[in-house]
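What follows is a short report on a single structure.
The values are calculated or read from the model by the stated rules, or taken from the named source; none is laboratory data. On a predicted model such as this, the values are computed, not experimentally measured, just so you know. Every residue, glycine as well, gets a Cβ built from its backbone with ideal geometry; the counts of neighbours run over all protein chains shown.
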Amino acid sequence: MSWPRYCFPTFVNLWCWFRAKFTPTGQVFCLAALGCLPAMLEVGSPLVSLFACLAGLIGCAWVVGWVFRPQARVTAQFPTSARCGEELPLTLGITNLGKWPVFDVEPRVLSETKQWRGAAAESVLAALGPGETASLPARLVPARRGVHAWPTLELTSTFPLRFVRISKAVKIPGEVVVFPALPPLELLELALCPADADTDERLDETFVRGGSHYLGNRDYLPGMYVKRWDYASWARMGKPVAREFADASPSSATIVIDTFVSPDADGQATTFLEAAISLVAGLANRLHAHGRSLFSLTDGRGTITGDNGGNLALEVIDHWLARLQGGSRDCLPRFLEQLDSLPIETEIHLVLCRWDSTRAELCRQLSHREIPWQGYFLARDEDRGDLPLPVGLRRLAIRDFSPESAR
């Protein structure tokens, strides 16, 4: 809280009300009228007429604006889902329910909340007769992951003289599912790349702790999938030659997210959780992009799998992550009981928000059972070099995967 609001809350609130109810032109007229008040103490002052003129204009604008105030119903045509931080286009349908026409109507969010930001209509409704309906394009930016109701809109009119703002709050029915933000692509490639793979070529061969065995070369046939060309043989033989590889990596993957945040997170529990969820969403997208099948996704409390044990769709993952909440301390240890039920060929991606003996035991169990796995530990900058982590657990900066970094 700033010191003026703390010391003079009444005057600050009055100033905010003044700026909200009067346009810049109306503010100038009001301040000019207030400046005339001291001179009115003098009998016969010419400023008396000026004050009366200014006060009459402001009063007339207020009365006429109140008579033609917006009384409307607002509906919206919008998608049922959106990505956090990405601009969401929608069409507002405004129906005049009053007996009088309305003029110069502009919809805007009543107040920016944690769930929404940067909302504005792309145009102003010049005139709308009684019972008529008009459409206005608008944009809205969801700022938080989750399932949110649409924000309350404020229909504002500056008719007739653009001195005052007459407003009416209306509620838009419906809700939207906001998917987690996706981290930058280069961060995901760095996270997915093993420690010994320092080039894109190595990343293709050793993607996520696996390996690809080179089988040999073969002539290229139209329509054949090519993982890598043999350019030396191509130049020597004068025709395309492709290299063949046998993928030794597991055929499917399971992502495990730790939703329990350390109680000593210094009030950053939400930041840790949102960064972990954003990282999981990015991992799922990159695994699909690299042709990997995602078998399941779990937080220890609940698990989602693909239909009939098949590939888990990205839309299903996004909807599940949008509704995911923070878990308790014993959520992740429950996953240890589920290890034996996983398919043998499944690889595990482990996303951790904290490091303790329980998380260390989970990593030890994965290595002891010879289960292919790779872990990601989200840490603050001041904690990035303090903890000794096992081989296979990569330390990532939490600030790189927070929703704000993806906007």
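Looking at 84, 60, which one is within 29 Å of residue 97 (Cα to Cα) and surrounded by 12 or more Cβ atoms within 10 Å (Cβ to Cβ)? Break it down into steps so the answer makes sense when it comes.
Working: 84 fails: within 29 Å of residue 97 (Cα to Cα).
Unique residue meeting the criteria: 60.
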Inset, instruction - From 66, 17, grab the single residue that is loosely packed, with under 11 Cβ neighbours inside 10 Å and closer than 26 Å to residue 172 by Cα. - result: 17
Inset, instruction - Determine whether residue 391 is in contact with a Leu (Cβ under 6 Å, 6 or more places away or on another chain), among the β-branched types (Val, Ile, Thr) and either over 30 Å from residue 176 (Cβ atoms) or at pLDDT 70 or above (or both). - result: no
Inset, instruction - Restrict the check to the stretch 128-147 and report whether at least one residue is closer than 22 Å to residue 319 by Cα, among the aliphatic types (A, V, I, L, M) and part of a loop (DSSP other than H, G, I, E, B). - result: yes
Inset, instruction - Please go through the stretch 343-371 and pick out each residue that is surrounded by 19 or more Cβ atoms within 10 Å (Cβ to Cβ) and either part of a loop (DSSP other than H, G, I, E, B) or of a type in the set (A, V, I, L, M, F, W, C) (or both). - result: 348, 350, 351, 352, 353, 354, 355, 362, 363, 366
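From the list 305, 358, 346, exactly one residue is within 22 Å of residue 147 (Cα to Cα) and either in contact with a Cys (Cβ under 6 Å, 6 or more places away or on another chain) or at pLDDT below 85 (or both). Which is it? If you could, list the steps in order and put the result at the bottom.
Values: 358 fails: within 22 Å of residue 147 (Cα to Cα); 346 fails: within 22 Å of residue 147 (Cα to Cα).
None of the others qualify; the one that does is 305.
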Legend entry - Of residues in the stretch 283-320 being touching a residue at least 24 places away in the same chain (Cβ under 8 Å) and in a strand (DSSP E or B), the one farthest from residue 374 (Cα to Cα): 303
